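Visitor: Have a look at this one before I ask anything.
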Amino acid sequence: MVGRGMVILGWFFLVVVCGFAQPQPPAVEWEHRYGRSRDDICTAVLPTTDRGFLMCGNMYRQNETQTLNDVCIIKTTMNGDSMWSRIYGTDGWDICRVAKTTLDGGCVLAGDQWSDSTIGFDFMLLKINAEGDSLWCRHYGNLDYDLCHDVLPTPDGGYFLVGESSDEEATIGVGWLVKADTNGDSVWSRAYSVAGGMNNERFAGIQQTYDGNYILAGTTGGLHSSRFWLLKINADGDTLWSQTYGRPDHNRCRGVRRTSDQGFILFGWNAMGDRRWDFFVVKTDSAGNLEWSKTYGREDSEEDCFTACQTSDGGYIFAGGARFPDTYFADGWIVRTNAEGDSLWSMRIDGGVGHDYFNDVLQVLDGGFVLGGGSDIYVDSVVQEASEMWLIKLASEMFANEKPVPRSVYLISAYPNPFNSTTQIEFTLPVTQHVSLFLYDVLGREVAVLLDEMKTAGEHRVRFDGSALSSGVYFCRMEAGKEMRTQKIVLMK
């Protein structure tokens, strides 16, 4: 693997929130997209010492004989502008699912690897130094399909990797843990399953506990039901206790975070009897005892939670994707709660045409949030089979009676949408500038100019009358300075 140039190190976030007013949904401060191939995805966001960000994920490429997937890193400024990028890959599929900073100022990226030299997928661990050079890459195999979902640097300079392992024809799998040393060489590995051994188990995350042991979180269950699973082990991999959570429905754990009260928060999704998915969150104490569990979602939509972090006030923010009834595609979805899991606000972010979702979230110094994920793209006014790495910055939360100050160009969703004849399109401007709003049909033809004039800083609304157009899907494109935003609207007569 190859790559050069990087300075990274986790830095601490300190935010003081005064007062007790309930926060309101923040504005989108900025967003950036990177890449433009079939499957470009940001799976992890790391802060850097210069207050910028390191986007880690995957980029798709195709040569004359085969399609490949490479690990990708993009270094950005604190405003999300790209500074440089690096590609790390072999002659096969290299998939980054997670990234963590290391004590030497570098980072490790973990995921899966498949090539001619491996049988099926293996765990993959890539070590990068502070300048972005690839130091080594290791892969670890057990059965035919070994998929790594999380990595944790350990105090001895080594690493724990967790995920799942199964045979090609098996209907059951096991949770798999690999211990590697400081050079990435395998020291030992263990497979874990819930008592009985007839379930399909997988680990989604690992955290170190306050007493120096480790928590492994995942899912256990059969074909017709599954539950969240929390396993505590010591540094040698010996099981200390095991707990399961959730109703006997379909549950899928996506990860775990350690909380400030020495407990844990597990997150993922829960499917009801009608197969509708909701965000599902479980909060435990340090001994794994259930403190509370909550679901978050609308009755007419499906939500899947991919990431979470604890906020500066002791609450939580959960993010992922949601599919709403007004569109076939998923949009990014965020839920903010207090420390007891009560919802404070939620917001939907539509990245444009196609599926949009968030894979990682962190809170930054100004109290805002940075989210990384993937977004399908809209090229030359025509829907293309492509996606981009997606990075979004939310401004700090607002409180009641606080007047919002726009910091970036933002095209707000049209309302109503779908609409019958008329709808209202809203946008904000940080400064006075020239703004254009164009309407295109699905073939990329311009059908209307809604606005083309100077507008002052602040919020604006444009009423659109579509009575002269036929029913169907249209795309409203806003151009303001160097910024461009696109919003899908649906006219139904």
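Visitor: How about the range 69-91: which of its residues are part of a loop (DSSP other than H, G, I, E, B) and of a type in the set (G, A, S)?
Guide: G80, G89
Here's the yes/no breakdown for (1) out of contact with any Pro (no Cβ under 8 Å at 6 or more places or on another chain); (2) touching a residue at least 24 places away in the same chain (Cβ under 8 Å); (3) closer than 25 Å to V98 by Cβ:
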{"position": "G288", "(1), (2), (3)": "yes, yes, yes"}
{"position": "E291", "(1), (2), (3)": "yes, yes, no"}
{"position": "D300", "(1), (2), (3)": "no, yes, no"}
{"position": "G315", "(1), (2), (3)": "yes, yes, yes"}
{"position": "A322", "(1), (2), (3)": "yes, yes, yes"}
{"position": "Y328", "(1), (2), (3)": "yes, no, no"}
{"position": "L344", "(1), (2), (3)": "no, yes, no"}
{"position": "F358", "(1), (2), (3)": "yes, yes, yes"}
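Visitor: Please find, among G218, G205, G184, the residue that is surrounded by 17 or more Cβ atoms within 10 Å (Cβ to Cβ) and outside any strand (DSSP E or B).
Guide: Answer to the check: G184.
A quick yes/no check of all residues on (1) assigned to a loop (DSSP other than H, G, I, E, B); (2) at negative phi; (3) within 21 Å of the chain's Cα centre (by Cα); (4) among the basic types (K, R):
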{"site": "A235", "(1), (2), (3), (4)": "yes, yes, no, no"}
{"site": "L240", "(1), (2), (3), (4)": "no, yes, no, no"}
{"site": "Q243", "(1), (2), (3), (4)": "no, yes, no, no"}
{"site": "P248", "(1), (2), (3), (4)": "yes, yes, no, no"}
{"site": "C253", "(1), (2), (3), (4)": "no, yes, yes, no"}
{"site": "L266", "(1), (2), (3), (4)": "no, yes, yes, no"}
{"site": "W269", "(1), (2), (3), (4)": "no, yes, yes, no"}
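Visitor: So E303 clears everything in (1) at pLDDT 95 or above; (2) under 15 Å from the mean Cα position of the chain (by Cα); (3) farther than 19 Å from F264 by Cβ except one condition, right? Which one?
Guide: Against the list (1) at pLDDT 95 or above; (2) under 15 Å from the mean Cα position of the chain (by Cα); (3) farther than 19 Å from F264 by Cβ, E303 comes up short only on (1).
Visitor: Considering only residues that are aliphatic (A, V, I, L, M) and part of a strand (DSSP E or B), which ones fall in the range 280-295?
Guide: Once the filter is applied, which keeps residues that are aliphatic (A, V, I, L, M) and part of a strand (DSSP E or B), the range 280-295 yields V281, V282, L290.
Visitor: Could you grab me the full set of residues in the range 181-215 that are among the hydrophobic types (A, V, I, L, M, F, W, C) and in contact with a strand residue (DSSP E or B) (Cβ under 7 Å, 6 or more places away or on another chain)?
Guide: V187, W188, A191, V194, F203, A204, I206, I215
Visitor: If you check R298 against the conditions, is it at pLDDT below 95, of a type in the set (K, R) and either under 20 Å from F358 (Cα atoms) or in a strand (DSSP E or B) (or both)?
Guide: When the stated conditions are applied, R298 passes them.
Visitor: Restricting to the range 231-251, count the residues that are farther than 21 Å from G315 by Cβ and in contact (Cβ under 8 Å) with a residue 40 or more places away in the chain.
Guide: 11
Visitor: Would it be correct to say that W176 is part of a strand (DSSP E or B) and surrounded by fewer than 22 Cβ atoms within 10 Å (Cβ to Cβ)?
Guide: It is false that W176 is part of a strand (DSSP E or B) and surrounded by fewer than 22 Cβ atoms within 10 Å (Cβ to Cβ).
Visitor: Going by the conditions given, is D104 under 26 Å from G205 (Cβ atoms) and among the acidic types (D, E)?
Guide: Judged against the criteria, D104 is a match.
Visitor: Could you tell me which of the residues W176, W114 is free of Cβ contacts under 8 Å to residues at least 24 places away in the same chain and within 26 Å of the chain's Cα centre (by Cα)?
Guide: W114
Visitor: Could you give every pair whose Cβ atoms fall below 7 Å, whose first residue belongs to the range 79-90 and is surrounded by fewer than 18 Cβ atoms within 10 Å (Cβ to Cβ), and whose second residue is among the basic types (K, R), counting only separations of at least 6 or pairs across chains?
Guide: Note: pairs meeting the criteria are M83/K75; W84/K75.
Visitor: Just one of the numbered conditions (1) farther than 30 Å from D261 by Cα; (2) in contact with a Lys or Arg (Cβ under 6 Å, 6 or more places away or on another chain) is not true of I317; which one?
Guide: Condition not satisfied by I317: (1).
Visitor: What number of residues in the range 181-221 are closer than 29 Å to S134 by Cβ, under 22 Å from the mean Cα position of the chain (by Cα) and of a type in the set (A, V, I, L, M)?
Guide: 3
Visitor: How about the range 369-407: which of its residues are small (G, A, S) and either at pLDDT 60 or above or under 22 Å from R61 (Cβ atoms) (or both)?
Guide: If the condition is that a residue be small (G, A, S) and either at pLDDT 60 or above or under 22 Å from R61 (Cβ atoms) (or both), then G372, G373, G374, S375, A386, S387, A395, S396 are the ones that fit.
The values are calculated or read from the model by the stated rules, or taken from the named source; none is laboratory data. None of the values given here were measured: they were computed from a predicted structure. Positions of Cβ are generated from backbone atoms using ideal geometry, with glycine treated the same way; all protein chains shown enter the neighbour counts.
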